[in-house]
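Novice: First the structure, then my questions, so here it is.
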Amino acid sequence: MITCYGYFRLGGHVSQYLNIHSDTPQMRLIKQVVDAIQSGAVAAIPTDAAYVLACQMGNKDALERIRQIRQLDENHHFTLMCRDLSDLGTYAQVNNTSYRLLKSLVPGAFTFILPATREVPKRLLHPKRKTIGLRVPEHTICQALLEELHEPLLIATLILPHEEWPLADPMDISDKLGRLLDVIVDGGSGGLESTTVIDLTGSMPEIIRQGKGVLS
C-alpha cells in the first residue's frame, strides 16, 4: 500500500484523505485523525466489519451531522467503539452472565446492546430503553485510534439512506460523501457485512441482526 495523504476540494469543502497501513498504522497519521476528531470532525474509518462514520462521543454537532448523513431517527441505536472489555464496562451495566459472553466474543465483529451507565451522554441513549450499543473491534487502525484518543468513538455503519449495503471502497466514499466528511481513512477495501448485534438486556441473549460475527 502506498503511504500518502492529501486533500480533495469538493464543493468548497476540504475533505482530508489519509492512506493508513491496515497492519502497521503510521502514528503521525493516527494522531492527525485523532486531532481532527477532537476538534469536531466526522470521519469515515475502516473496521473489522464495514466502514463506519465516527466522531467524538460528546460532540453534539458531529453527532447531528452523522444523523443527517444517515437520515437516522431518534430511535436509532448508536454504538460506542471501545478499546477493550474494561472500557466497555465503564459505559454499560454488565452482569456476570453477560460478562462471560462478552469475554468470549471480544474483540470481534459484534455489537452488544446493554443498559448504559451515567458515563454515556443522554443524547446517545435509546430514548425509551436507555440502552447503548457497544463493541470492541479487532482492527489495527481502530485500536490505534482508540489508544490515542483515550475514550470510545461514537460510530454508525457507513450505509447510505435507501441502500442495502455499506460503502466499502474509500475512493467511492470520497466521491459520494467528500463534501460531508472531514476525514476519510483509506485502510483498504472494507467489508459489506455489518456487525452481528446481540441484545443483552433480557434474561437471555437475543440476536437482533446477524452480520459478520458468528456465534459458536
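Novice: How many residues are within 19 Å of Pro127 (Cα to Cα) and of a type in the set (A, V, I, L, M) when one looks only at segment 63-91?
Specialist: Counting residues in segment 63-91 that are within 19 Å of Pro127 (Cα to Cα) and of a type in the set (A, V, I, L, M) gives 4.
Novice: Restricting to segment 1-47, and then to whatever is out of contact with any helix residue (DSSP H, G or I) (no Cβ under 8 Å at 6 or more places or on another chain) and among the small types (Gly, Ala, Ser), can you tell me which residue is modelled with the lowest pLDDT?
Specialist: By that ranking, first place goes to Gly11.
Novice: Next question. Where in segment 10-84 are there strands (runs of 3 or more DSSP E), lying wholly inside it, with at least 3 residues that are touching a Gly at 6+ places or on another chain (Cβ under 7 Å) and without any contact (Cβ under 8 Å) to a residue 40 or more places away in the chain? Can you show your working first?
Specialist: On the way: elements: 13-19, 43-45, 52-56, 79-81.
Filter on segment 10-84 gives an empty set.
Novice: Let me ask something else. One residue is enough: does segment 70-81 have a residue meeting the conditions modelled with pLDDT under 95, hydrophobic (A, V, I, L, M, F, W, C) and either within 13 Å of the chain's Cα centre (by Cα) or surrounded by 19 or more Cβ atoms within 10 Å (Cβ to Cβ) (or both)?
Specialist: Yes, segment 70-81 contains at least one residue that is modelled with pLDDT under 95, hydrophobic (A, V, I, L, M, F, W, C) and either within 13 Å of the chain's Cα centre (by Cα) or surrounded by 19 or more Cβ atoms within 10 Å (Cβ to Cβ) (or both).
Novice: Conditions: (1) assigned to a loop (DSSP other than H, G, I, E, B); (2) small (Gly, Ala, Ser); (3) surrounded by 13 or more Cβ atoms within 10 Å (Cβ to Cβ). Ser216 meets all but one. Number of the miss?
Specialist: (3)
Novice: Something else now. Filter segment 82-109 for residues that are over 22 Å from Leu145 (Cα atoms) and of a type in the set (A, V, I, L, M); which is surrounded by the most Cβ atoms within 10 Å (Cβ to Cβ)?
Specialist: Val94
The values are calculated or read from the model by the stated rules, or taken from the named source; none is laboratory data. All of these numbers come straight from a predicted model, not from anything done at the bench. All Cβ positions, even for glycine, are placed from backbone atoms using ideal geometry, and neighbour counts span all protein chains on display.
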